[in-house]
1. Expected output is a single nm value to one decimal: the length gained when fully extending between VAL59 and TRP198, i.e. 0.36 nm times separation in residues minus the C-alpha distance. What is it?
2. Tell me, in nm to one decimal, what length is gained between ARG104 and ILE147 on full extension, where the rule is 0.36 nm per residue of separation less the Cα-Cα distance?
3. For ASN134, what residues show an amide H to amide H distance below 5 Å, using hydrogens built from the backbone and excluding near sequence neighbours?
4. What FRET efficiency, computed as 1/(1 + (r/R0)^6) with R0 = 30 Å and r the Cβ-Cβ distance, is obtained for THR41 and GLU161, rounded to the nearest 0.05?
5. Could you run the Debye sum over the Cα atoms of segment 41-92, one equal point scatterer each and no solvent, and tell me log10 of I(q)/I(0) at q = 0.14, 0.15, 0.18, 0.29 Å⁻¹, two decimals?
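Rule-based calculations on the coordinates, nothing more; no lab input. These numbers come from a predicted model, not from an experiment. Cβ sites come from the backbone with ideal geometry, for glycine too, and all protein chains shown count toward neighbours.
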Amino acid sequence: MRGLIAIATVIYLARFQASSIDSSRKGLDDRCISDRRSAGTRARERLMKTLLEDYMKSVKPEPYDGSPLQVNMSMSLLNLDSVDYKEAIIETHSWVFMSWIDERLSWNPSDFHQVKSIHIPTDYIWIPDIDLYNNDGDAEKPISDMIADVNSDGSVTYVSELHLKSLCEVGQQAMKVVRIARLLGFDEMVCKLKFGSWTYDATEMNIVTTSSQVNLLDFRRVSTDEIQVKSTSANVDQLTFNCCPNPYKTATFTIVVSNEPKEPL
Ligand SMILES: *[C@@H]1O[C@H](CO)[C@@H](O)[C@H](O)[C@H]1NC(C)=O
């Protein structure tokens, strides 16, 4: 009898212990689930919710003074995918950088665990409808323009990686250059990539180029090494179309290419 009681007590105690271990483990699990987010993650989630709750992505941000929204643009040329002298077409691979201020996306970092910048998928926020005007038609569309960088002051930076097929302008000046170049035994082509908004005219959007050149720091040499980028420039024009009373701002990136022979003449 004593033995039985002893065994029963042992079993009871063992059970009790087991169940208390279970319940403490369960408590630990609950804590793990609720604490799986770090303070930084929780701050970012709260920030994202705060910024995007009442955000309407179809509405262009308008500066407080009612002026046109300034969109900064610059271009980095990565590669010349092809250069067609006969048709005067070049295919470029480039990064196009755009930045602007969207006051709706500003915050005070001290309210959000000192988070100063976040990445927001472009599906959620307003992005300028800026595209290449003098497109050859069957150009590939942006491939990796999925995420924008947003800083606490509301500045948004958006980079699109573009494979563009663009017609090169052969104007009077360019013609002259081409003719001289032909006499010297090489061809030169002046190609202008004109970017502008499809819907926002100059009263609503002001495009600014932040550099007077196309950035060539990341330019990889083309496979046929006789093709060279001779010079580049970047500037802003104002175009008026027959359709519409107001002018449109355009950023023009000019790339001058030549196929100078390797052997000097
Ligand atoms: C746009 O460029 C100007 C200088 O060119 C700079 O002062 C300004 O901060 C830029 N704006 C944004 C939103 O990047």
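1. Fully extending the segment from VAL59 to TRP198 adds 48.5 nm.
2. 13.8 nm
3. LYS194
4. E(calc), rounded to 0.05, equals 0.60.
5. For the requested q values the scattering log ratios are -0.74, -0.76, -0.81, -1.08.
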